[in-house]
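**Q** Take this structure first; my questions come after.
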Amino acid sequence: MMKLSETGAYLINGTELVYDDADAAAAVAAKTGSVPSKEEAKKGTIAYGILEAHNTSGNMEKLKIKFDKLTSHDITFVGIIQTARASGLEKFPIPYVLTNCHNSLCAVGGTINEDDHMFGLTCAKKYGGIYVPPHQAVIHQFAREMLAGGGRMILGSDSHTRYGALGTMAMGEGGPELVKQLLNQTYDINMPGVVLVHMTGAPVKGVGPQDVALAIIGAVFKNGYVKNKVMEFAGPGVASLSADFRIGIDVMTTETTCLSSIWQTDDEVKNFYDIHGRSEDYKELKPAAVTYYDGVIEVDLSAIRPMIAMPFHPSNTYTIEEVNKNLKDVLHDVEERAKVSLDNQVPYSLQDKVVNGKLLVDQGIIAGCAGGGFENICAAADIMKDKFIGSDKFTMSVYPASMPVYMELVRNGCAATLMETGAVMKTAFCGPCFGAGDTPANNAFSIRHSTRNFPNREGSKLQNGQISSVALMDARSIAATAANQGYLTPATEFDGQLHKYEYHFDSKIYANRVFDSKGVADPAVEIQFGPNIKDWPAMVALTDHLMLRVVSEIHDPVTTTDELIPSGETSSYRSNPLGLAEFALSRKDPAYVGRAKEVQKVEKAREADAAFASEAPEGFAEALAAVKASYDVTPENLGIGSTIFAVKPGDGSAREQAASCQKVLGGWANIANEYATKRYRSNLINWGMLPFLIPDGDLPFANLDYIFLPNIRKAVEEKDDTIEAYVVKDGALKKFEMTLGELTDEEREIILKGCLINYNRVS
């Protein structure tokens with residue numbers, strides 16, 4: 001089903017693999033008549049060609065990328081535009097689409113969600129953007145239908161910004177990276193490795209895109225096989241997949257922690273563009289005749305069976321058959337993992353879900369950028385036709401990814417088929433994916449064709465003693481389970497017919513409702529602000545020396561951005577930096593905010609009065625005295641801040657608030673063994689926070705300890721490889737070392753100035 005290479009490999013004529021060993025050169029020569037160097041053959045990847053076309057540095061090892069288009073949704077665009085405005089924004093220099101698919105319900109916090117929408121509409125008018133109203137489309141479906149194009153690059157402030165199946169290299173990043181593009185700056189990265197996903201065979205009936213995606217995620221997440229690399233999909237098996245099927249796999253590549261994705265294109269993709277009235281945006285893309293890849297994932301599509309990702313991560317994968325066969329063992333394993341994920345804060349068991357020897361689930365959801373596609377919902381309708389979900393506790397909701405998709409489901413009868421079963425059809429909305437819609441009951445178990453199943457991602461609140469959980473599955477097996485009234489069932493057991501439905505895209509829906517400035521800005525438009533929309537607080541430059549207090553210590557193998565700043569109803573406060581910060585780490589470490597604020601009081605007094613506050617946290621005076629015994633520190637040269645330690649923080653969402661909330665509470669650094677994603681580390685840097693690294697092993701400090709960093713500003717300026725640090729405890733300074741990892745000159749300057757806003761601020 002899945003094989004990962006231990007070496008790189010040559011791909012010959014897009015189909016045949018030659019692995020990199022002592023005989024590789026001879027084998028390639030025998031097949032092609034010549035052997036290009038690895039460096040030259042790497043240029044044959046689709047990814048290399050697209051990156052080269054968008055690189056402005058002239059150096060393909062150190063890329064400075066300018067994107068073709070930008071996308072954001074309504075829990076990110078306010079902060080992005082506010083940051084850009086503070087930095088001198090006058091006009092959107094490239095197409096920027098503001099969608100409204102996260103805070104669509106306008107049901108939390110009074111007027112604040114719709115206030116954000118009106119902010120977005122008036123900014124689209126003022127700066128020359130595109131505004132997609134609530135319930136019209138989820139961000140990624142609109143991008144597929146209206147923005148993607150062969151050979152293009154799109155940057156979005158949502159981690160699932162992936163349009164590789166349509167020939168577009170797309171990346172999801174925190175808001176500050178979009179701000180840079182709005183200010184005509186660049187996205188700076190080293191040339192990424194490129195890993196081939198070599199597909200053969202064809203899926204069997206009942207297997208859908210989520211099954212393929214989960215199989216890949218399960219194989220590569222834990223070992224970091226594709227971390228910060230580009231996944232390039234090619235091979236004879238690609239031709240067996242429809243465009244919708246490819247899209248469904250592609251969007252889930254985010255969960256592998258790859259940087260981006262790209263696919264070979266063909267007539268199937270050309271047909272997608274033809275259907276959407278954008279034939280001119282199709283471009284044939286394929287690897288060169290001889291192409292070298294840094295690694296290979298071999299995928300036999302015919303061997304994949306219906307999959308399930310059990311709580312609490314998309315990589316916790318099994319076949320559904322395996323779960324049903326070894327039910328109690330699998331559930332026990334999930335419960336043991338939950339002790340780590342939930343810190344034993346609440347009792348968690350799935351044993352009561354075993355009824356008559358089978359797993360009985362409570363809820364089914366097909367939704368969003370992963371599940372809400374046309375073919376997924378049509379297949380679900382075929383499987384559920386003439387069935388019913390029952391009148392017990394099992395419920396089912398279906399969210400088409402856009403109004404054009406919904407319209408076609410109405411026209412072809414699939415919507416009616418589903419509604420007749422007892423399922424509920426809802427409008428385009430991302431809520432079920434991040435805890436703002438269809439939250440299950442306490443201790444309930446939901447199966448979802450959506451993107452993530454992190455703890456409390458479904459909307460329950462650990463701090464209130466609530467816990468429910470989500471398993472990820474394909475729409476087909478969710479439908480088979482619903483048709484079986486909640487008993488876990490793989491879609492391969494469905495013995496009926498899955499029809500091929502023709503799709504017709506109705507462009508009038510968007511033409512009649514979406515505001516498109518056509519790139520023309522109107523400076524006379526007044527931006528409409530709501531009372532919740534607040535400016536970013538002032539942030540100071542990095543001082544000569546730093547005193548940090550560790551205010552949270554997290555030893556989970558991976559810490560998600562959902563744990564750093566929870567999703568769900570907190571999303572309504574993302575236009576209010578200080579208001580949102582109150583929720584930081586609230587589900588993981590409820591004491592964090594109070595501890596951070598205690599440290600921040602000392603720093604605020606230093607900034608205001610050039611004196612250290614008398615009401616300092618416990619141990620501060622003693623720590624300061626110990627430092628002063630060896631170093632000449634004063635309120636003018638010693639900054640005071642907080643830091644957290646986490647083993648591997650930043651998996652999951654691109655949300656910049658995972659970093660900015662720490663910053664506005666006085667955070668000045670993170671310390672980690674590694675960072676789960678490039679985008680979280682970038683968020684830290686863009687908010688002026690030092691992304692320290694420390695080797696895995698015994699920590700030289702503990703929670704609530706003070707850490708002194710002498711001459712930290714000079715170390716950043718002079719690009720020191722190692723950072724001198726001291727644990728200050730019991731009147732003594734104990735030395736240890738950390739590193740900052742590779743930083744560009746621009747990133748160093750951002751840190752030195754305190755944040756990206758300061759770096760760009762117009763005086």
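**Q** If every alpha-carbon in the range 91-211 counts as one equal scatterer, what log10 I(q)/I(0) does Debye give at q = 0.10, 0.16 1/Å?
**A** -0.41, -0.92
**Q** Taking amide H atoms as placed 1.01 Å from N in the peptide plane, list the residues 5 or more away in sequence, or in a different chain, whose amide H sits under 5 Å from that of residue 670.
**A** 690, 692
**Q** Assigning unit charges at the beta carbon (Lys, Arg +1; Asp, Glu -1) and nothing else, what dipole magnitude in debye, to the nearest 20, does the chain show about its Cα centre?
**A** Numbers: 73 positive and 96 negative charges, 207 e Å.
Here the size comes out at about 1000 debye.
**Q** Run through the range 450-548 and list the trypsin sites (Lys or Arg not before Pro) located in a DSSP loop whose Cβ has at most 11 other Cβ atoms within 10 Å. Working shown, then result.
**A** Numbers: sites: 452, 457, 461, 476, 500, 508, 513, 518, 534; in loops: 452, 457, 461, 500, 518, 534.
Of the trypsin sites (Lys or Arg not before Pro), the ones in loops of the range 450-548 whose Cβ has at most 11 other Cβ atoms within 10 Å are 500, 518.
**Q** Given 10 °C and 1.306 mPa s, how large is the Stokes-Einstein diffusion coefficient of the range 539-606 in µm²/s, with Rh as the Kirkwood radius over Cα pairs?
**A** Values: Rh = 13.6 Å.
In µm²/s, the coefficient is 116.
**Q** Using Cβ counts within 10 Å as a stand-in for footprinting exposure, how do 118, 146 rank, fewest first? Provide the component values of the computation, followed by the final result.
**A** On the way: 118 16, 146 24.
The order, fewest Cβ neighbours first, is 118, 146.
**Q** Also, quick follow-up: Under 29 Å from the Cα of residue 385, which lysines turn up, not counting those fewer than eight places away in the same chain?
**A** 205, 325, 353, 358, 393, 426, 500
**Q** Amide H to amide H, which residues 5 or more places from residue 443 or on other chains are under 5 Å from it, using H placed in the peptide plane?
**A** Residues meeting the criterion, in which the H sits 1.01 Å from N, are 467, 468.
**Q** For a quick check: sort 293, 19 by the number of other beta carbons within 10 angstrom, fewest at the front. Let's see the in-between values first.
**A** Values: 293 30, 19 14.
By the 10 Å Cβ count, ascending: 19, 293.
**Q** Further, regarding this structure: Assuming R0 = 45 Å, can you tell me the calculated FRET efficiency for the pair residue 724 and residue 416, based on Cβ-Cβ distance, to the nearest 0.05?
**A** It comes out at approximately 0.05.
**Q** Let me know the whole percent of all Cα-Cα pairs from the range 266-354 that are separated by more than 16 Å. List each step's numbers first, then the result.
**A** On the way: 2818 of 3916 pairs.
Counting every Cα pair in the range 266-354, those more than 16 Å apart make up 72 percent.
**Q** Calculate how many DSSP beta bridges within the range 545-760 are antiparallel, expressed in % of all such bridges and rounded to the nearest 5. Spell out each step's value before the answer.
**A** Numbers: 16 of 36 bridges.
Roughly 45 percent of the beta bridges in the range 545-760 run antiparallel, per DSSP.
**Q** On the Cα set of the range 126-183, report Rg and Dmax in Å, please.
**A** Final numbers for Rg and Dmax: 11.7, 33 Å.
**Q** Would you mind getting the Kirkwood hydrodynamic radius of the range 489-604 from its Cα pairs, rounded to one decimal in Å? Each step should come with its number before you reach the end.
**A** Values: mean 1/r = 0.0489 Å⁻¹.
Averaging 1/r across every pair of different Cα atoms and inverting gives 20.4 Å.
**Q** How big is the equivalent ellipsoid of the chain along its three axes, where each semi-axis is √(5λ) from the Cα gyration tensor, reported in whole Å from largest to smallest? Write out the running numbers ahead of the final one.
**A** Values: eigenvalues 334, 180, 153 Å².
Listed largest to smallest, the semi-axes of the chain are 41, 30, 28 Å.
**Q** Extending each Cα 7 Å along its Cβ direction at residue 53 and residue 351, get the distance between those two points in nm, one decimal.
**A** 5.9 nm
**Q** Can you list the equivalent-ellipsoid semi-axes of the range 307-508, largest first and in whole Å, using the square root of 5 times each Cα gyration tensor eigenvalue? Show your work: numbers first, answer last.
**A** Details: eigenvalues 165, 70, 37 Å².
In descending order, the three semi-axes are 29, 19, 14 Å.
**Q** Rounded to the nearest 0.05, what FRET efficiency is calculated for residue 427 and residue 732 with R0 set to 51 Å and r the Cβ-Cβ distance?
**A** Working: r = 62 Å, r/R0 = 1.22.
The calculated FRET efficiency here is 0.25.
**Q** While we're here: Over all directions, how big on average is the projection of the convex hull of the alpha-carbon atoms in the range 173-308, in square nanometres?
**A** Projected over every direction and averaged, the Cα hull of the range 173-308 covers 10.1 nm².
**Q** Could you work out [θ]222 nm for the chain from helices alone, using -39500 (n - 2.57) per DSSP H run of at least four and dividing by all its residues? Round to the nearest 500 deg cm²/dmol. Walk me through the numbers on the way to the answer.
**A** Values: 28 runs with 240 residues, N = 763.
Using -39500 (n - 2.57) per qualifying helix, the result is -8500 deg cm²/dmol.
**Q** Considering the alpha-carbon set of the range 279-328 alone, what are its Rg and its Dmax in angstrom?
**A** According to the Cα coordinates of the range 279-328, Rg and Dmax are 18.2, 54 Å.
**Q** Continuing with the same structure: Alpha carbon centre of the range 397-414 versus the range 491-533: separation in Å?
**A** 13 Å
**Q** Same structure again: Out of the DSSP beta bridges found with both residues in the chain, what percent are antiparallel (nearest 5)?
**A** Working: 43 of 105 bridges.
Given both bridge residues lie in the chain, the antiparallel proportion sits at roughly 40 percent.
**Q** Oh, and also: With θ set to phi - 60° and the Karplus curve 6.51 cos²θ - 1.76 cosθ + 1.60, what are the ³J(HN,Hα) couplings of the range 309-320 in order, to the nearest whole Hz, using x for Gly and Pro?
**A** The phi angles translate into 9, 6, x, 10, 7, x, 8, 7, 9, 9, 6, 4 Hz.
**Q** Looking at the range 712-755, what % of the alpha carbon pairs are farther apart than 15 Å?
**A** Values: 463 of 946 pairs.
Of all Cα-Cα distances in the range 712-755, 49 percent exceed 15 Å.
**Q** Using 12 Å as the cut-off for backbone N distance, which residues of the range 291-316 belong to the label zone defined by a point 7 Å from the Cα of residue 3 along Cα→Cβ?
**A** Output list for this probe position: 296-300.
**Q** What does the extension gain come out to for residue 609 and residue 628, with contour length at 0.36 nm per residue minus their alpha carbon separation? Don't jump to the answer; show the numbers that get you there.
**A** Numbers: separation 19, 0.36 × 19 = 6.84 nm, distance 1.95 nm.
My answer for the length gained is 4.9 nm.
**Q** Taking θ as phi - 60°, what are the ³J(HN,Hα) couplings along the range 321-331 by the Karplus curve (6.51, -1.76, 1.60), each to the nearest whole Hz, with x for Gly and Pro?
**A** Result, rounded to whole Hz: 4, 5, 4, 5, 6, 10, 4, 5, 5, 5, 5.
**Q** Follow-up question, since we're still on this one. Determine the gain in length on full extension of the stretch residue 393-residue 61; use 0.36 nm per residue of separation and subtract their C-alpha separation, reporting nm with one decimal. Show your work: numbers first, answer last.
**A** On the way: separation 332, 0.36 × 332 = 119.52 nm, distance 5.61 nm.
Contour length minus Cα-Cα distance gives 113.9 nm.
**Q** Could you point to the residue in 738, 635, 693 farthest towards the positive end of the range 545-760's charge dipole, with +1 and -1 charges on the Cβ of Lys/Arg and Asp/Glu respectively?
**A** 635
**Q** What is the fewest-to-most order of 552, 349, 157 by other Cβ atoms lying within 10 Å of their Cβ? Display every interim value, and only then the final one.
**A** Numbers: 552 24, 349 13, 157 28.
By the 10 Å Cβ count, ascending, the order reads 349, 552, 157.
**Q** Next up: Return the subset of 648/678; 601/734; 3/222; 534/753; 62/753; 339/461 for which the Cα-Cα distance in this structure is over 18 Å, preserving the input order. If you can, show how the numbers build up before the last one.
**A** Details: 648/678 12 Å; 601/734 26 Å; 3/222 15 Å; 534/753 22 Å; 62/753 23 Å; 339/461 16 Å.
Beyond 18 Å: 601/734; 534/753; 62/753.
**Q** On the principal axes of its Cα set, how long, how wide and how thick is the range 585-744? Give whole Å, largest value first.
**A** That works out to 41, 32, 29 Å along the principal axes.
Only the coordinates and a few stated rules stand behind these numbers; no lab work does. Quick caveat, the model's predicted, so the values are computed rather than measured. Every residue, glycine as well, gets a Cβ built from its backbone with ideal geometry; the counts of neighbours run over all protein chains shown.
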